[in-house]
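Values in this text are rule-based calculations from the coordinates and carry no lab data. Because the structure is predicted, anything quoted here is derived from the model rather than measured. Glycine also receives a Cβ, built like all others from the backbone with ideal geometry; neighbour counts cover every protein chain displayed.
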Amino acid sequence: MTKAVFFDWFNTLAQYYPPREEVHANACGKIGIEVEKERLSPGILLADHYYIDENARLPIKERSLQEQMDLYAQMERIVLREAGVNISDQLALTVIQEVGKIFSNRDFALFDDTLAALDLLKQRGLILGIISNIDHDLVPVCQELGLAPYLDVIVTSREAGSEKPHAPIFLAAAEQAAVKTSETMYVGDHYSTDVVGAQEVGMKGVLLDRCDLFKEVTGCPRIRALTELMDCL
């Protein structure tokens, strides 16, 4: 029986504001690359996954400046490639520089389905929380976005001293919620970091695949929207 549902933060409950699709499209336009912002969503998500996988292989902050620049260029190439635009590494870095000029303040906005899903789950009497690798306090932003009334637990990597997919951060959340891991569901957008990490401590992992990019994943429930979680309980 599920007693608690925990969520990843970024790309699951919330996204950057203004939306990155808009920022990247505007940055491209400034250097003469025309691309519709609606076509950038799949590439942005795939670039995020590339970053997470690379960071797991070797933390980005431990790499040389050149290695970091090469990684960011590859991410931008992934973003645009999925939209049908192929560019060089040098041009990719130019786009990134323009993105940085536009995207100096990283605020957050909830996805359209976030509050509706949390409301449905709360009506079931479930304990709700966040487990995130973000390295700063999420409480103020959750209060600002209206999430505070729904959340019982918030555990970040800074507080836990551990990052997903490693066990301590998941176990810390279960301990705070006073539930067994077998009574807990974890929802995130990255299979190896979120789903596998949760499964390895006994939680039920659910993959949120908003753009339907990971049809090959069969080792867990896969949903397109948070409101579909009710069918996974």
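Summary table below
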| quantity | calculated |
| --- | --- |
| Region 19-102 - charge dipole about Cα centre, Lys and Arg +1 at Cβ, Asp and Glu -1, debye rounded to 20 | 120 debye |
| Extension gain, Ala116 back to Arg81 (0.36 nm per residue minus Cα-Cα distance, nm) | 9.3 nm |
| Spin-label proximity, Asp212 to region 218-233 - amide N less than 20 Å from point 7 Å beyond Cα toward beta carbon | 218-232 |
| Partner aspartates and glutamates for Lys122 [C-alpha distance under 12 Å; skip if fewer than 8 residues away on the same chain] | Asp152 |
| Percentage relative contact order, the chain, counting C-alpha pairs under 8 Å, at least six apart | 24 percent |
| Net charge, Asp152 excluded, C-beta distance under 14 Å - Lys, Arg +1, Asp, Glu -1 | +1 |
| Alpha-carbon centroid distance for the pair region 165-208 / region 60-90, whole angstrom | 30 Å |
| Calculated diffusion of region 19-102, Stokes-Einstein form, Kirkwood radius summed over Cα pairs, 20 °C and 1.002 mPa s, µm²/s | 168 µm²/s |
| Computed magnitude of the charge dipole of the chain (debye, nearest 20; Cβ of K, R +1, Cβ of D, E -1) | 200 debye |
